Structure formats: structure tokens, C-alpha cells
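Can you read through this structure? Questions will come right after.
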Amino acid sequence: MRYTFLLYTEPADLAHMTADDWEAEKQVYGAYIEALNKAGVFVDTDWLQPVQTATTLSLKGGSKQVQDGPFADTKETLGGYFVVDVPDLDAALAWAEKCPAAKTGKVEIRASAMGAV
Amino acid sequence: MKDPIRAAELAARLSYGRLLAFLSARTHDITLAEDALSDAFAKALEAWPQMGVPGNPDAWLLTVARNRLSDVLRRQGRFSIKTDLPEFVVEETSPSTVPDERLSLLLVCAHPAINSDLHAPLMLQTVLGLDAASIARLFLISPTALSKRLVRAKAKIRDAGIPFQIPESEVLKTRSSAILEAIYALHAHDWLDPTENLGEEAFYLADLLARLLPDNAEALGLASLIAANRARLPARIVDDVLVSTEDQDTVLWDEDLIAYSNRQLVRAHQLGSVGRFQIEAAIEAVHIARKETGTTDWLALNKLYHACLQYGPTAGGLVAQAAVTGRLHGPEAGLAALENAEGTVGTAFQPLWAARADMCARLGQSERAARYYEKAISLTTDLPSINFLRVKLASVSKP
């Protein structure tokens, strides 16, 4: 089944990063992606620009509303995601546990409602 | 020492922790001490190629670092008059090294007021001089987030006034166990890639602690345990496939580390205060005895695992005990023991399924074994273990 890991981190943790910081960050996430790939469970991932760059759109209520910012202000913000293909929630948890974001933030695990790919 | 650059590097590796402990204990400010020390190392790399390596490199580094510290402290107004400056006793001409105060530094790193997941990273940074990025790679944690957390922890050590002191013996025993736990956690860390980094730093720290606390049986036990694990390392993974302890080629086991491990375990035993790490080291010693005897003493392992569980049942211990039961009393008894263990360890514990699959394979129940191997594989995140289970799965899947 496909599971999506939503990675929530504290923006303050990642503020004022230098190019070297990003490089170090990429190495750590790269190792995680490599492990997912080697185990044959990797589907997709992306890193998102910081939450202050978000734009939220809604047509609910009949008119178009465009809001500068995220739909909800939270202490920890969505910073990226992983999609993995594993048999069950136990396996998804085993991989989420290894996700770098879990160690300093939170990882929300959601099963795909569309079933197995 | 001929090459001045190499000399500075060696000094960095060998005396970093010692110098940093000495400076931190006197300023109570690890960050300040780190800056002063890295400044001193930079100056050494500049000066030594011209002037030659001084007779006592440690003392030279300490003098430069101390001067730098005095400047900074004076600028910050933290010491109003010159005589308030911390007194450093450095005999430039003496070859004697700086007093070893790394124990008090380790105690600070593993202080109960510091989050326990930062204990090992702090030790690695202060005692071994590893930078935050390397530690982050080791733990697979965001380097930026880790370095911010380390900075905050060091600020807390300074501002909350965590003492650089060695407490009296009863308190020391409790406080030391936090250091042992952090080193053990570092060693037993569930690496994504077990071929890398497995415990080199943990062994360094365990060996150091065994020397700093020669009367602490558990410190000796932990050093023995880690050395034994490391002795088997060359035989542990072959062609990216994990090899179980009983199938490892004993010729590949490291003789020196085995001798070290045995020596520490004997010394620990003589202190007459048994604990979990000594029992785990004894379990290793039983496995390692196969190098001489050619067989594994399952009865001895059974007793030791039983004793181990007395000190606090761990998921790994429960499953290992059940696996030994399977060896002694047959796979059916083993399966029953695993059934019992499941109540405690839950159904998401990989070793439970791997052990269960192994018992079923021994009973000739191929289909069940295959199902359990597949479950175990789904819970495994490191490639050598996945490959090991895949080989096992293939062996029960054959028609």
C-alpha cells in the first residue's frame, strides 16, 4: 500500500541556512532516500519552500479567495513529504522512524485512499 | 613528530577532549572554550611549520587558547579585574600533559537536565571534537536542527550553572550510568547502513570511560561488550548480506579486540558488582568461545539471557531468549516462547518475525516461514538485513 509521510518541522530550526548547511542537509536526506530505494519501497519525495512563501486558494463559498500564507498557522510547518510503497502501517512506521524529520519534528503518516498502486 | 600539520592534526585528535574539558571546567562555557580551542589549533597550523612543533604541544595550545579566552572574557566584562581571571597552571617546559578532566565533561554532557537524546551528540562534539554535521550524518538527523539544539544545550549548561564537578561516589554511580546509557545507545544505534560508523566512536568513549572509572564494573562491562561486538564486525556482513553470529567465519574475528574484551570482563567480574552490560558482554563471550571450541554453548546462553531479563526485560532480550529456547528444546518450544514474547514486544518488532520464520523453517513449515520472512523484510530498513532475510525467504520458497 502507498503511504505518504508529511514532514513537519520547526521553521526556526531551518532558518538562516548557508549553502554548506543545505549541502549537509541534502547528504542526510540523500542517505535516507538511498536506503528507501535499496529496499525497493521509494515512490516520491519533495522539499517545499518555507511556509511564508505559501499561497492558499479557495473557491468555497462561490468567490475566489487567494490568501498570502498557509491555510493554518502552526508552530511546526509542512516542509516536505515522502511517498513509500510498503505492505502495512507497521512497515510504514518502521521507515518513518528512520526519517530525519522524525528526530527533530513530526512525521504524519497517511495511507493512500486510492489503494495499492 | 616531523610534519607540523600532521602534528597539529594528531594533537587535535588526541588532546582535543582533554583540552576542552580543562577549559570548559574553568569557564563553565563549552561554546567559548570550543571557540578558543579552535582558534588555538588554527594558530598552531600557522605557527608550527615555521617554528617547529613545540616540546609540549598541549601546553602550547592551552596557552594560546587561554589568552584568547582572557581577551574574550575581558571584552564581555565577565571578569572585571585581571585577578578574577581563571587561574591556569601550565608548565610550558614540562612534558606532562594537561590534567584529565574529561569525566566531569562527560558528566555535564549526560546531566539529567539535558535531553537524553543530546547526551551522545554532546559527548561526540566535546570529547572527540566531531562537528555537528558529522554527528548529524551519524544519526541521520537534520544537521542544521542538530547544531541549533547543541548550541542551545551548551547555553543551558552555562546559564543554568550545571556544575563541572565529580560528585561523591553514590551520586557518581547514578550519574555515570547516564554516560554508559548514552554510549550504549550510540553503539546500539539502529544504523541505516550498518557497514558504516558502527561504533567506532562508541568504542573510543567506552574505552575512555573504562579508564576514567576503573572501579565501575559496568563501565568495564560496556567496554568489553562493545569490543566484542567490534571483534566480530569483519565477519558480520559478507557481500552486503548480514551473517548471523553462529554462521560467522571465526577466522575473521579480531584477536586483539577479543583479548581486550576478555580482559575488561575479567576485571569487571573481580569488582563483584554484576550488571546488564557485563551480562551482555558475557553473552558475547559465549558466542566468541566458538572460535576455540567450534560449538555454541546454548545452555550457557540460556542462563545469561535469563539473567539479562532480570535486569530489565528488553524486546531484543525477550526474543533472543525465545530463540535460544528454540535451540535447546526444539522449534515448537521456541514458537511458544515467541508467542509469549509477542504480548510484550508487540507485532511490529522485526526480530520477532525473523525468529518465528526461522523456527517454522526448521519445522519444515515452508509456507508459514515464507509469510513470516516477508513480514520481517517489510519491517527492515537496512540492506544487509533485508538481503539476509531475502536469502532465507528464497530457501523456503523453493519447490
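Each value in this text was obtained by applying a stated rule to the coordinates, not by laboratory testing. For clarity, every value in this text was computed on a predicted model and none was experimentally measured. In this analysis, Cβ positions are derived from the backbone assuming ideal geometry, glycine residues included, and neighbour counts consider all displayed protein chains.
Starting from 0.36 nm per residue, how many nanometres of slack lie between residue B:271 and residue B:344 once their C-alpha separation is accounted for?
Result for the pair: 22.9 nm of gain on full extension.
A further question on this structure: Considering only B:361, B:345, B:379, whose Cα is most displaced toward the positive end of the charge dipole of the stretch B:329-399, charges sitting on Cβ of Lys, Arg (+1) and Asp, Glu (-1)?
B:361
Expressed as an acute angle from 0 to 90° and rounded to the nearest 10, what is the orientation of the C-alpha long axis of helix B:200-212 relative to the principal long axis of chain B?
That helix lies at roughly 70 degrees to the long axis.
Now for a separate question. Would you please put B:143-150, A:15-22, B:121-128, B:241-248 in order of how densely packed they are, using the mean number of other Cβ atoms within 10 angstrom per residue and starting with the highest?
Details: B:143-150: 22.4, A:15-22: 11.1, B:121-128: 24.2, B:241-248: 14.9.
Going by the mean number of other Cβ atoms within 10 Å, highest first, we get B:121-128, B:143-150, B:241-248, A:15-22.
Another one. Please state the shape class of the protein assembly as shown: rounded when a/c is under 1.5, otherwise prolate if a/b exceeds b/c and oblate if not, all from the C-alpha gyration tensor.
On the way: a/c = 2.16, a/b = 1.21, b/c = 1.79.
In terms of gyration-tensor shape, oblate.
I've got another one for you. Would you mind calculating the gained length between residue B:47 and residue B:297 on full extension (0.36 nm times residue separation, minus the Cα-Cα distance), in nm to one decimal?
Full-extension gain reported as 84.1 nm.
So how tilted is helix B:331-345 from the main axis of chain B? Cα-based, degrees 0 to 90, rounded to 10.
Taking Cα atoms only, the helix is inclined about 40 degrees.
With an 8 Å cut-off on Cα pairs and a minimum separation of 6 or more residues, tell me the relative contact order of chain B in percent.
11 percent
Based on the mean of other beta carbon atoms within 10 Å per residue, what is the order of B:278-284, B:369-375, most packed first?
Top to bottom by mean Cβ count within 10 Å: B:278-284, B:369-375.
For residue B:158 paired with residue B:188, estimate the spin-label separation in nm (one decimal), with each label point 7 Å from Cα along the Cα-to-Cβ line.
Each label point is offset 7 Å from its Cα along the Cβ direction, giving 3.5 nm.
Return one number: the angle in degrees, 0 to 90 and rounded to the nearest 10, between the long axis of the Cα atoms of helix B:169-188 and the longest principal axis of the Cα atoms of chain B.
It is inclined by approximately 60 degrees.
Now for a separate question. Taking amide H positions as placed 1.01 Å from N in the peptide plane, with prolines and chain starts having none, which residues 5 or more places from residue A:80, or on another chain, fall under 5 Å of its amide H?
HN-HN under 5 Å from residue A:80: A:7, A:48.
Still on this structure, please answer the following. Put +1 on the Cβ of every Lys and Arg and -1 on every Asp and Glu Cβ in chain A; which of A:59, A:16, A:94 then has its Cα farthest towards the positive end of the dipole?
Of the options given, the answer is A:59.
For an R0 of 45 angstrom, estimate the FRET efficiency from the Cβ-Cβ distance between residue A:65 and residue A:89 and round to the nearest 0.05. Display every interim value, and only then the final one.
On the way: r = 36 Å, r/R0 = 0.80.
E between residue A:65 and residue A:89, to the nearest 0.05, is 0.80.
Using 7 Å Cα-to-Cβ label points, what is the residue B:333/residue B:215 separation (nm, one decimal)?
Here the answer is 4.4 nm between the modelled labels.
Can I ask one more? Quick check on chain A: helices-only [θ] at 222 nm, where DSSP H runs of length 4 and up contribute -39,500 (n - 2.57) each and the sum goes over total residues. Nearest 500, please.
Counting only the DSSP helices, I get -8500 deg cm²/dmol.
Sticking with the crude label model, points 7 Å out along Cα→Cβ, report the distance from residue A:43 to residue B:174 in nm, one decimal please.
5.0 nm
Here is a follow-up. Would you mind calculating the relative contact order of chain A from Cα pairs under 8 angstrom and at least 6 residues apart, reporting the percent as a whole number? Don't skip to the end; give the middle numbers.
Working: 166 pairs, mean separation 59.5, N = 117.
This gives 51 percent for chain A.
Same structure again: Please turn the phi angles of the stretch A:72-81 into ³J(HN,Hα) values with the Karplus equation 6.51 cos²θ - 1.76 cosθ + 1.60 (θ = phi - 60°), one per residue in order, whole Hz, x for glycine and proline.
Each residue's phi maps through the Karplus curve to give 9, 8, 10, 5, 9, 10, 5, x, x, 8 Hz.
Moving on. Counting only C-alpha contacts under 8 Å and six or more residues apart, can you give the relative contact order of the stretch B:324-399 as a whole percent?
This gives 25 percent for the stretch B:324-399.
Taking chain B as a Gaussian network, Cα atoms linked when under 10 Å apart, which of B:47, B:355, B:322 shows the biggest mean-square fluctuation?
The residue that fluctuates most here is B:47.
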